[in-house]
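Everything on this sheet refers to the single structure shown next.
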Amino acid sequence: MPQLEHSFCRPSVTPQAYEYADEALSAAAQPPWFIPFVPRRGLVNGHLQTIVGNFFPRPPFHLPTIAETVTVDPADGSRVLCHCHWQAEPVRAARLTVVLVHGLEGSSDSRYIKGIALRAWDAGMNVVRMNMRNCGDTEALTPTLYHSGRSSDVGAVVEHFTNRFGLKRVALVGYSMGGNLVLKLAGEWGQRPPLIAVATVCPAIDLAAGADALHELQNRMYEIRFLRGLMRRLQRKAALHPGVYELAGIGQVRSIREFDNKIVARYCGFRDADDYYYRAASARVVDNIAIPTLILSAQDDPFIRLFPETRSRLLANPHILYIETRHGGHCAFLSRDPGEEIHWAEATVVRYLQAVDADTSGADVSRPPAAENPA
């Protein structure tokens, strides 16, 4: 395994309200779907954006939902729970289907997942809100743990619904850890129909860098929150599988890196945390991404970090559009726009997917199709 230099890439930005990480792309070359991000007044601090974004109220979620489990590993019977929102049967296969993947210790019920699901549905898309293994109270569906390398689970979900409904076009959307999963799958798949696009918000592309950033003093509140959730989940798994997960002797777990070293590596087939971070990171395969891919990131994200070599590889791939804003925090991007337009990242991702879908299908997205009632 090559040794990576542990320095972080915190790229400079121009005094504009937005920034393309690719400095060769001028403001005049902005695609028509792009609207610059201007943070909500008073929320120009990454921690404030992150915290307020996590609790900012949203309208009630009202989409008709079909819950379905999907087998992702026939060898051990592992299944994941998906919450699906299908357009009417006559148009279902022809509409873009968006698979949404949440972040660490999130679920299909995370606020940001439900928020972007509503937008994609209103734009006429099918929506699948996927839970990673064990998430969304699904510990009983698998004997295994979830981790950042299980990109094949996302692929299994895509293949399941493609085979079932004859889907013509599928896009993946991932947040944070989910962003790493969908980027990793895109790099592994290359060009494989029906996958036509990927979009990510604050993806954890360099796992080692992110784990170490979480242990910084200013980020300990996030790390402690994640650790509490992970340890509670491990206790539930141990209760379900007492012969598999042994809690005695683990001792205290004080960091995400220590959890990954003691738990993830031990039970998921990695030598140690470094081996896990290297093998599971999408950074290894971003060179192979061969479909339109959007990466949204914020310079003031408290704990997402990129190694310089990874950033160079992202910018060198012509299929990847890497957009970085000065402000936005972690997966928040609360803008000064009114109403639900305050959620800039969600609106940007949906507009991007509409544009890619139009290029692929020849559809006119100037007037998006109205959402249909499911059959």
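FYI, it's all coordinate maths here, none of it is from the lab. Everything numeric in this text was worked out from a predicted model, so none of it was measured. Note: ideal-geometry Cβ built from the backbone for every residue, glycine included; neighbour counts use all protein chains shown.
For Ala204, the residues whose modelled amide H falls within less than 5 Å of its own, excluding neighbours fewer than 5 places apart on the same chain, are Ser176, Met177, Gly179, Asn180.
Placing a pseudo-label 7 Å from each Cα along the Cα-to-Cβ vector at Val44 and Glu340 gives an inter-label distance of 3.0 nm. When both segment 290-351 and segment 120-161 are represented by their alpha-carbon centers, they are found 22 Å apart. Summing charges over neighbours of Ile250, with a neighbour being any other residue whose Cβ is under 11 Å away from its Cβ, gives 0 when K and R count +1 and D and E count -1. Rounded to the nearest 500, the 222 nm mean residue ellipticity of the chain from helices alone is -10000 deg cm²/dmol, with -39,500 (n - 2.57) taken per DSSP H run of at least 4 residues.
Listed values for segment 216-232 are Karplus-derived 3J(HN,Hα) couplings in whole Hz (6.51 cos²θ - 1.76 cosθ + 1.60, θ = phi - 60°), namely 5, 3, 5, 10, 4, 5, 5, 4, 4, 4, 4, 5, 4, x, 5, 5, 4, and x replaces Gly and Pro.
Seen from Val201, the other residues with C-beta closer than 11 Å to its C-beta sum to a net charge of -2, counting Lys and Arg as +1 and Asp and Glu as -1.
A straight line joining the Cα centroids of segment 228-262 and segment 65-101 runs 30 Å. Footprinting exposure proxy ranking of Tyr277, Tyr112, fewest other C-beta atoms within 10 angstrom first, gives Tyr112, Tyr277.
Summary value for segment 208-280: 28 percent relative contact order, contacts being C-alpha pairs under 8 angstrom separated by 6+ residues. Segment Arg232..Thr71, full-extension length gain: 55.5 nm, with 0.36 nm per residue of separation and the alpha-carbon distance subtracted. Proximity of backbone amide H atoms, modeled 1.01 Å from N, is registered between Thr69 and Cys82 at under 5 Å, excluding neighbours fewer than 5 places apart on the same chain. Checking the a/c ratio against 1.5 first, then a/b against b/c, what shape does the Cα gyration tensor give for segment 208-280? It comes out oblate by the Cα gyration axes. The amide H of Gln299, built 1.01 Å from its N in the peptide plane, has Thr325, Arg326, His327 as neighbours under 5 Å, considering only residues 5 or more places off or on other chains.
Note on Lys262: lysines with a C-alpha under 28 Å away, same-chain residues under 8 apart excluded, are Lys184, Lys237. Using a Förster distance of 56 Å, how high is the FRET efficiency between Ser361 and Leu247, based on the Cβ-Cβ distance and rounded to 0.05? According to the calculation, E is roughly 0.65. Taking each residue as 0.36 nm, the span from Arg271 to Ala239 lengthens on full extension beyond its C-alpha to C-alpha distance by 9.0 nm. Each residue of segment 313-329 was assigned a 3J(HN,Hα) from its phi angle through the Karplus curve 6.51 cos²θ - 1.76 cosθ + 1.60 (θ = phi - 60°); the sequence is 5, 4, 6, 7, 8, x, 7, 9, 10, 9, 10, 10, 9, 5, 10, x, x Hz, with glycine and proline shown as x.
Residues in segment 195-206 carry Karplus couplings, in order, of 5, 10, 6, 9, 9, 9, 10, 6, x, 8, 6, 9 Hz; the curve used is 6.51 cos²θ - 1.76 cosθ + 1.60 with θ = phi - 60°, and Gly or Pro positions show x.
As an equivalent ellipsoid, the chain spans semi-axes of 30, 26, 20 angstrom, where each value is the square root of five times an eigenvalue of the C-alpha gyration tensor, largest first. For the chain, modelled as a GNM whose springs connect Cα atoms under 10 angstrom apart, the maximal fluctuation among Arg236, Arg95, Arg225 occurs at Arg225.
All other residues whose Cβ lies under 15 angstrom from that of Gln235 are scored, Lys and Arg at +1 and Asp and Glu at -1, for a net of +2.
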